[in-house]
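Novice: One structure, pasted below without further comment.
The values are calculated or read from the model by the stated rules, or taken from the named source; none is laboratory data. The structure presented is a predicted model; accordingly, all values stated were derived computationally and were not measured. Glycine gets a Cβ as well: all are built from the backbone with ideal geometry, and neighbour counts include every protein chain shown.
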Amino acid sequence: MPDKYVRDWRNWLAPAAIAGTLIVALLLAFLLVIVLEAMGDKANEIDDSRAASAAHTAVLSLRRRLSGTLEDNAVWQEAFEAMKAETRKEWIRTNWGSISADYQLYDGLAVTDSEGRLIDAYLKGVEFDAVSALGPDFVKQAIAAATPDKPPIINVFRLNGSIAMVGSRALQPHRNMPPGGRFDVLTMFRLATPSMIDSVASDYFLPNLHLTAVKPASELSVPLIGSNGQPVAYLAWPGRNLGTRLYDEVRPALTGALIVFGILLATAVFAGYAELLALRRLASAADREATHDPLSGLLNRNGMIRALQAHLGSAVGRGGVTLHLIDLDGFKAVNDTWGHLVGDELIGEVAARLVACHPELQFAARFGGDEFALASRPCCDPSEVADAALQALKEPFVVAGHTSEIGASIGYASHAPNVDAFELIRRADMALYGAKEAGRGQSLAYTSDMDRDREALAELEEQMRLMLDSDGLAVAFQPVVSAANGAVVGVEALARWTAPEGPISPDVFIPLAEKSGLIFKLGQIVLERSIGFAKAQPGIDIAVNVSPTQLCAPDFAEALAATLERESFDPRRLILEVTEGVLFDSPTQARRAIDALRAIGIRFALDDFGTGYASIGTLSHFTFDRLKLDRSLVQALESEKGRAVLSATVSLADALDIPVIVEGVETAEQAGYLRQVGCQFMQGYYFGRPVPAEAFDSLPRQMARAG
Ligand code: C2E
Ligand code: CA
Ligand code: CA
């Protein structure tokens, strides 16, 4: 049976916020990693391009240095002149060749004539054949350099397995330049030796700089260009990957920071989520507490009203709903006899049976001690649901080893136009009231007559109030005679009300007086009249009816004792008649009042015995001085069975040592039979109808009929 209420979108706000925070945080962490990686790459790039330009600069400066050396030696008056002499080879050896053995500015040289023919050449101080060592490209370069106004021509060559920078320049005088001619050419070599490369590496901060013949794939390099415009070799060095190294260096810290961040975030999210769950739990617990009965787990009154409103207001509920109000019988007695623990368990059992009693229930509720409610769908016959519920509760309950039988009364009302939850409850309640009136174990549907009856009763109640105030209540007295000799031994006082429209039966106005609280005033009037009557009739007992409401009122015993005291009336002449219902419903209060009043000499009669459930148990729990057999037992005397029941009942009373009064004796036969089975006292129209006090005196003291 669904009793959930629609959750609204606000419930999703907090989870969405948590998810949003989580996503943003993850995005930020991701971006941080990306940015750091990009920074590393950029740093790599910057460092690589710096290194490349340093390498270019290094090559350029080597060229410049060679060019400067060449300029110094080729534009030289003395050398120019010496080349014209026979001794030119001697000059070349002394001034250049021998020096080249160990000189830091050049490692070798060659002198060629203007046609490129070799005059002489030295490498590391040793004469060598430069043309065959360097090849035809060298000759081309030398020829090209033969004109004096050309700047030095410098190219890279392979020389004896190593790499050399080779620069050529026309040998020319400082001054008196001969016009338009071609000159001898001085070519100088600078070998790329490991020590030279090392010094470049350290000067230009290019660690691990080296020469390679082919362009390396995994290293950075600059080409060294030969005279044909093609690379002869490469200056290569490994990239430092500064950015990567930097990144690698910060990575542990970054990873640590991210982990800490992650833990913080997870903690925050977890804490937030836990808090959220706790809040939700609290809220739903509070909601549950506000709408549910903790004992039975069903809806409470509040929850029922909300559920009813939801059903009546919603589209599904438009078809209507039938509300059944259920009032348990005898639950109070179980509580009082076996204690609250058993009572609580019983409530749980009752709830379980009700919930399962019919398949078309929408919800069940419990409010008040022993009141339940069921709501059934409009599709099913409400009387069927009520019967199912009554049937379910009829089976005996076995709780904590005790078997108890519980009945119920049910009133139900169905949804109709313009009927809201409260009106529906009121109507069902009205029907329940009617069902209870009709006796235990009944169900009743609400009808609009009930409202009318209710109004009529309200009117009657008002009339009774006026009647009591205006001293309109009369009391009639009916004799009680001894079965043995027919002597009048007592009277029963009976309230009488004659309204302008005619007499109203006590069966109508007594229950109304009980419900409205007027019974206290009525009871007091009857008591006072009875005392007045009894004072005028010495020697007989006076029996007065006491309703449960009166008996259970906390000050009943005290007030009664005070009245007797005030009237100086002997309590031993007073018999109070009580019905068994009160013994079940309020055993504690009943016992308190009965004990207190018996202590001052007042006697008690159990009225209407034989109509209800009063058992030997009840009779031995409470002490009674009289047992009044109901007149239905007398009416049943016609049958064999009825006679058997009556004689058995009298025997029972005998065994308990309680004198019996039989009510409703209307015929001589009845009286004869009753006397025969051993009844001690009789009362009924046969002996005398209830009459006003004035009429009583005319009755004979000794009932001839009894004789
Ligand atoms: P009850 O206490 O059982 O009273 C006996 C009822 O049986 C009386 O009805 C009486 O008139 C009627 N009765 C007596 N003899 C016969 C008979 O031979 N045949 C028939 N058919 N009936 C007989 P009544 O006066 O209508 O009272 C009805 C009930 O109202 C009483 O039943 C009692 O429970 C209640 N009642 C009457 N007066 C008072 C009162 O002052 N206080 C309280 N609390 N209840 C009262
Ligand atoms: Ca009575
Ligand atoms: Ca009676």
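Novice: Check off (1) basic (Lys, Arg); (2) out of contact with any Phe, Trp or Tyr (no Cβ under 8 Å at 6 or more places or on another chain); (3) over 30 Å from Glu115 (Cα atoms) for Lys215 and give me the number that stays unchecked.
Specialist: So the condition that Lys215 fails would be (2).
Novice: Of all residues in the range 590-616 being part of a helix (DSSP H, G or I) and more than 16 Å from ligand 1 (Cβ to nearest atom), which is nearest to Ser530 (Cα to Cα)?
Specialist: Top of the filtered list is Arg598.
Novice: Continuing with the same structure: Test Ser647 against the stated conditions and say whether it is small (Gly, Ala, Ser), under 20 Å from Ala605 (Cβ atoms) and at pLDDT 90 or above.
Specialist: So Ser647 does not fit the description; no.
Novice: State whether one or more residues within the range 340-357 are crowded, with 17+ Cβ neighbours inside 10 Å, touching a helix residue (DSSP H, G or I) at 6+ places or on another chain (Cβ under 8 Å) and outside any helix (DSSP H, G or I).
Specialist: Within the range 340-357, one or more residues are crowded, with 17+ Cβ neighbours inside 10 Å, touching a helix residue (DSSP H, G or I) at 6+ places or on another chain (Cβ under 8 Å) and outside any helix (DSSP H, G or I).
Novice: Let me ask another. Which residue, of Arg675, Arg572, Arg643, Arg592, is surrounded by fewer than 20 Cβ atoms within 10 Å (Cβ to Cβ), charged (D, E, K, R) and under 60 Å from the mean Cα position of the chain (by Cα)?
Specialist: Arg592
Novice: Just give me the residues in the range 368-385 being part of a strand (DSSP E or B) and over 17 Å from Gly407 (Cα atoms), in sequence order.
Specialist: Ala375, Ser376
To keep it simple, each residue is scored yes or no on (1) of a type in the set (S, T, N, Q); (2) within 16 Å of ligand 3 (Cβ to nearest atom); (3) surrounded by fewer than 17 Cβ atoms within 10 Å (Cβ to Cβ).
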{"position": "Ala431", "(1), (2), (3)": "no, no, no"}
{"position": "Tyr446", "(1), (2), (3)": "no, no, no"}
{"position": "Asp453", "(1), (2), (3)": "no, no, yes"}
{"position": "Met467", "(1), (2), (3)": "no, no, no"}
{"position": "Gln478", "(1), (2), (3)": "yes, yes, no"}
{"position": "Asn485", "(1), (2), (3)": "yes, no, yes"}
{"position": "Ala499", "(1), (2), (3)": "no, no, yes"}
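Novice: Name the one entry in Asp585, Asp630, Asp595 that is in contact (Cβ under 8 Å) with a residue 40 or more places away in the chain and charged (D, E, K, R).
Specialist: Residue meeting the stated conditions: Asp585.
Novice: Ok, one more. Can Arg306 be described as in a helix (DSSP H, G or I), in contact with a Leu (Cβ under 7 Å, 6 or more places away or on another chain) and in the same structural domain as Val385 (by TED's automatic domain parsing)?
Specialist: no
Novice: Return the residues of the range 528-558 that are free of Cβ contacts under 8 Å to residues at least 60 places away in the same chain, closer than 25 Å to Phe584 by Cα and buried (at least 16 other Cβ atoms within 10 Å of the Cβ); say none if nothing qualifies.
Specialist: Within the range 528-558, Val544, Val546, Ser547, Pro548, Thr549, Gln550, Leu551, Cys552, Ala553, Phe556, Ala557 meet the criteria.
Novice: Just the residues that are surrounded by 12 or more Cβ atoms within 10 Å (Cβ to Cβ) and under 13 Å from Leu254 (Cα atoms), please, taken from the range 29-44.
Specialist: Scanning the range 29-44 gives Ala29, Leu32, Val33, Leu36, Glu37.
Novice: Shifting gears a bit: Examine the range 237-245 for a residue that is among the β-branched types (Val, Ile, Thr), outside the structural domain of Asp137 (by TED's automatic domain parsing) and at pLDDT 85 or above, and state whether such a residue exists.
Specialist: no
Novice: From Glu459, Glu455, Glu395, which residue is within 30 Å of Arg689 (Cβ to Cβ) and at pLDDT below 95?
Specialist: Result of the check over Glu459, Glu455, Glu395: Glu459.
Novice: Let me ask you something else. So in the range 79-107, with the set limited to residues that are under 24 Å from Met165 (Cα atoms) and among the acidic types (Asp, Glu), which one is farthest from the chain's Cα centre (by Cα)?
Specialist: Only one residue tops the list, namely Asp102.
Novice: Looking at Glu360, Glu405, can you tell me which residue is surrounded by fewer than 20 Cβ atoms within 10 Å (Cβ to Cβ), at pLDDT below 90 and in contact with a Pro (Cβ under 6 Å, 6 or more places away or on another chain)?
Specialist: Only one candidate passes the filter, namely Glu405.
Novice: If you take the residues of the range 238-283 that are more than 43 Å from the chain's Cα centre (by Cα) and of a type in the set (Lys, Arg), which of them is surrounded by the most Cβ atoms within 10 Å (Cβ to Cβ)?
Specialist: It comes out as Arg240.
Novice: In addition: Kindly indicate whether Ile542 is outside any helix (DSSP H, G or I), under 19 Å from Asp630 (Cβ atoms) and either assigned by TED's automatic domain parsing to the domain that holds Asn335 or within 13 Å of ligand 2 (Cβ to nearest atom) (or both).
Specialist: In short, no.
Novice: Against the conditions (1) within 16 Å of ligand 2 (Cβ to nearest atom); (2) crowded, with 16+ Cβ neighbours inside 10 Å; (3) of a type outside the set (Lys, Arg), where does Phe584 fall short? Just the number, please.
Specialist: Status for Phe584: all satisfied but (1).
Novice: Take Val665 and decide whether it is assigned by TED's automatic domain parsing to the domain that holds Ile575, aliphatic (A, V, I, L, M), in contact with a Phe, Trp or Tyr (Cβ under 6 Å, 6 or more places away or on another chain) and at pLDDT 95 or above.
Specialist: yes
Novice: Restricting to the range 126-170, and then to whatever is aromatic (Phe, Trp, Tyr) and farther than 21 Å from Asn95 by Cα, can you tell me which residue is surrounded by the most Cβ atoms within 10 Å (Cβ to Cβ)?
Specialist: Only one residue tops the list, namely Phe138.
Novice: Same structure, new question: Assuming Ala421 fulfils every condition listed in (1) free of Cβ contacts under 8 Å to residues at least 60 places away in the same chain; (2) in contact with a Leu (Cβ under 6 Å, 6 or more places away or on another chain) apart from one, which condition is it?
Specialist: Of the numbered conditions (1) free of Cβ contacts under 8 Å to residues at least 60 places away in the same chain; (2) in contact with a Leu (Cβ under 6 Å, 6 or more places away or on another chain), the odd one out for Ala421 is (1).
Novice: Which one is nearest to the chain's Cα centre (by Cα), of the residues in the range 172-190 that are among the hydrophobic types (A, V, I, L, M, F, W, C) and surrounded by fewer than 24 Cβ atoms within 10 Å (Cβ to Cβ)?
Specialist: The selected residue is Phe183.
Novice: Looking at the range 462-510, which of its residues are within 16 Å of ligand 2 (Cβ to nearest atom), in a helix (DSSP H, G or I) and without any contact (Cβ under 8 Å) to a residue 40 or more places away in the chain?
Specialist: Pro506, Asp507, Ile510 - these are the residues of the range 462-510 that are within 16 Å of ligand 2 (Cβ to nearest atom), in a helix (DSSP H, G or I) and without any contact (Cβ under 8 Å) to a residue 40 or more places away in the chain.
Novice: Same structure again: Mind listing whichever residues of the range 79-98 are over 17 Å from Phe183 (Cβ atoms) and assigned to a loop (DSSP other than H, G, I, E, B)?
Specialist: Residues satisfying the conditions are Glu86, Thr87, Ser98.
Novice: Same structure again: Can you give me the number of residues within the range 325-345 that are at pLDDT below 95, hydrophobic (A, V, I, L, M, F, W, C) and closer than 18 Å to Asn300 by Cβ?
Specialist: 2
Novice: Would you point out the residue of the range 176-187, among those that are part of a strand (DSSP E or B) and in contact with a Ser or Thr (Cβ under 6 Å, 6 or more places away or on another chain), that is farthest from Ser100 (Cα to Cα)?
Specialist: Ranking the qualifying residues of the range 176-187, first place goes to Val185.
Novice: Considering each residue of the range 191-219, count those that are touching a residue at least 60 places away in the same chain (Cβ under 8 Å) and either in a loop (DSSP other than H, G, I, E, B) or in contact with a Leu (Cβ under 9 Å, 6 or more places away or on another chain) (or both), and give that number.
Specialist: Final tally of qualifying residues: 7.
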